[in-house]
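Undergrad: Below you will find the structure I want to go over with you.
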Amino acid sequence: MRSTDVLKEALPYIRRFSGARFVVKLSGEAVDDPLQLVPLAEEIALLHYVGMKVLVVHGGGAQATELSKALGIEPRIVQGRRVTDEKTLDVAKMVFAGKINVEILSALRRAGARAVGLSGVDGDILHARRRPPTRIVDHILGTEEEVDFGFVGDVEDVDASLLEYLLDGGYIPVLSSLGADKEGTIFNINADTVATEIAIAIRAAKIIYLTNVRGVLVKRGGMPELVTELTPSEARELIVQGEVTGGMIPKLENAIRAVERGVGRSHIISGDEEDSLLKEIFTKGGTGTMVALR
C-alpha cells in the first residue's frame, strides 16, 4: 500500500478521535526490550501529535523478579499472582516507580513527546485496600490453601484530577501500578487492573492492552485463530467454554469490565508486531482483538 493510501485510511480515525483519551497498558516484555520500547514510544508520540490524549500504564513483574533474585530474594508466585512481602514491595518500588518508569520517559522524550512519570501514590490517584487472604485451589495437584498475598492491593477508588490536568495540558502521564490506602500504606497492584480503572475514571475512548500474543486466540481445526471482534457477552462465553485460558482470562475480563463501565472500546494486541498500535487504531482490519458493545 502506498504511503498516501495509508494516510487516507487513517484520516477518518484521526478526525474521530482527535481530543479523545486513550489508555495504553504496556507489557513487561515491551518495557524490558529497547527494540520494542523505542518504536512503541514513537507510535505513542504519533498518537499524541495527531491530537489524541494518551495515558500510559505499566507494571514490570518480570523485571521485579529479576532484581529480587539478584538481591537474594526468592519470589513467590501463586497461580500467576505475586506474593508481596516487605522486601518484595521494596523491589517493586525500585523497579516500577524507578527504573522502568524512567526508561519509558526516556523513550518518549527521544520520540519528542512531553511525558510525566507518576505512580498511583502521587496525587492520591489510586486509593487501594489490602487484598484479604485468598483460598487458592490447585486443580492439577488437587490441593487447596489460603494465601496471604501481603502488600498486594485492589483498587478501591480513583482520583483522576491530576491525570486529567496533565492530559489537558499536553503531557503524556506514565503511571506505574502502585497505590496506597488512607494511612499511606503502599500496595503492589495488577497493572492491567490499574489501566482498566484509570480508563473508566477518565472516560477513555479506548484502552489498549499490549501483550506478547496477537490477541484472543481460539482453536479452529486444531490451529489457533485470532478472534478480531467480540461483544462482552461473547467474550464471557469464550471464558466459560474454556476457549480462553491462562493469563488471557484476567486480561479479557478487564477488557470486558472497561467496556461495560463506559470505555468506548477495549483492544488486546501484540507488542511484538511492528506498528501494531497504529494499525489497530488507524485501519479497519486492525491487528488484534477488539471488545465493544454493538
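The values are calculated or read from the model by the stated rules, or taken from the named source; none is laboratory data. Since this is a predicted model, take the numbers as computed values, not measurements. FYI the Cβ positions are ideal-geometry reconstructions off the backbone, even for glycines, and counts take in every protein chain you see.
Undergrad: Taking Asp122, is it out of contact with any Leu (no Cβ under 6 Å at 6 or more places or on another chain), more than 17 Å from Leu167 (Cα to Cα) and surrounded by fewer than 19 Cβ atoms within 10 Å (Cβ to Cβ)?
TA: No, not satisfied.
Undergrad: Would you confirm whether or not the stretch 248-259 contains a residue that is surrounded by fewer than 16 Cβ atoms within 10 Å (Cβ to Cβ) and in contact with a Lys or Arg (Cβ under 9 Å, 6 or more places away or on another chain)?
TA: Taking every residue of the stretch 248-259 in turn, none turns out to be surrounded by fewer than 16 Cβ atoms within 10 Å (Cβ to Cβ) and in contact with a Lys or Arg (Cβ under 9 Å, 6 or more places away or on another chain).
Undergrad: Has the stretch 3-24 got any residue that is touching a Phe, Trp or Tyr at 6+ places or on another chain (Cβ under 7 Å) and surrounded by 20 or more Cβ atoms within 10 Å (Cβ to Cβ)?
TA: no
Residue-wise test of (1) in a helix (DSSP H, G or I); (2) free of Cβ contacts under 8 Å to residues at least 40 places away in the same chain; (3) of a type outside the set (Val, Ile, Thr).
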position	(1), (2), (3)
Gly19	no, yes, yes
Glu42	yes, no, yes
Val91	yes, yes, no
Lys99	yes, yes, yes
Val102	yes, yes, no
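Undergrad: Would you please name the residue that is nearest to Leu40 (Cα to Cα), looking only at residues in the stretch 271-281 that are surrounded by 21 or more Cβ atoms within 10 Å (Cβ to Cβ) and either at pLDDT 95 or above or aliphatic (A, V, I, L, M) (or both)?
TA: Leu277
Undergrad: With respect to Ile136, is the statement that it is in contact with a strand residue (DSSP E or B) (Cβ under 7 Å, 6 or more places away or on another chain), touching a residue at least 12 places away in the same chain (Cβ under 8 Å), aliphatic (A, V, I, L, M) and crowded, with 22+ Cβ neighbours inside 10 Å true?
TA: no
Undergrad: Continuing with the same structure: State which residue is surrounded by the fewest Cβ atoms within 10 Å (Cβ to Cβ) when the search covers only the stretch 56-79 and only residues that are farther than 19 Å from Asp32 by Cα and in contact (Cβ under 8 Å) with a residue 40 or more places away in the chain.
TA: Among them, the one singled out is Gln79.
Undergrad: Can you tell me which residue within the stretch 1-23, out of those that are in contact with a helix residue (DSSP H, G or I) (Cβ under 6 Å, 6 or more places away or on another chain) and aliphatic (A, V, I, L, M), is farthest from Gly286 (Cα to Cα)?
TA: So, considering only residues that are in contact with a helix residue (DSSP H, G or I) (Cβ under 6 Å, 6 or more places away or on another chain) and aliphatic (A, V, I, L, M), the one farthest from Gly286 (Cα to Cα) is Val23.
Undergrad: Take Gly72 and decide whether it is outside any helix (DSSP H, G or I) and either within 26 Å of Arg21 (Cβ to Cβ) or of a type in the set (S, T, N, Q) (or both).
TA: no
Undergrad: Which members of the stretch 213-236 meet the condition of being within 29 Å of Ala160 (Cβ to Cβ) and in contact (Cβ under 8 Å) with a residue 12 or more places away in the chain?
TA: Matches in the stretch 213-236: Gly215, Val216, Glu229, Leu230, Thr231, Pro232, Ala235, Arg236.
Undergrad: A follow-up question, please. How do the strands (runs of 3 or more DSSP E) wholly within the stretch 161-229 filter down when requiring 1 or more residues that are among the charged types (D, E, K, R) and closer than 18 Å to Glu253 by Cβ: which remain?
TA: Of the strands (runs of 3 or more DSSP E) lying wholly inside the stretch 161-229, those with at least 1 residues that are among the charged types (D, E, K, R) and closer than 18 Å to Glu253 by Cβ span 206-211.
Undergrad: Looking at the stretch 193-215 only, could you name the residues that are within 16 Å of Asp159 (Cβ to Cβ) and surrounded by fewer than 24 Cβ atoms within 10 Å (Cβ to Cβ)?
TA: Those that are within 16 Å of Asp159 (Cβ to Cβ) and surrounded by fewer than 24 Cβ atoms within 10 Å (Cβ to Cβ): Ile200, Ala201, Ile202, Arg203.
Undergrad: What's the total number of residues in the stretch 230-242 that are under 22 Å from the mean Cα position of the chain (by Cα) and either outside any loop (DSSP other than H, G, I, E, B) or of a type in the set (D, E, K, R) (or both)?
TA: 8
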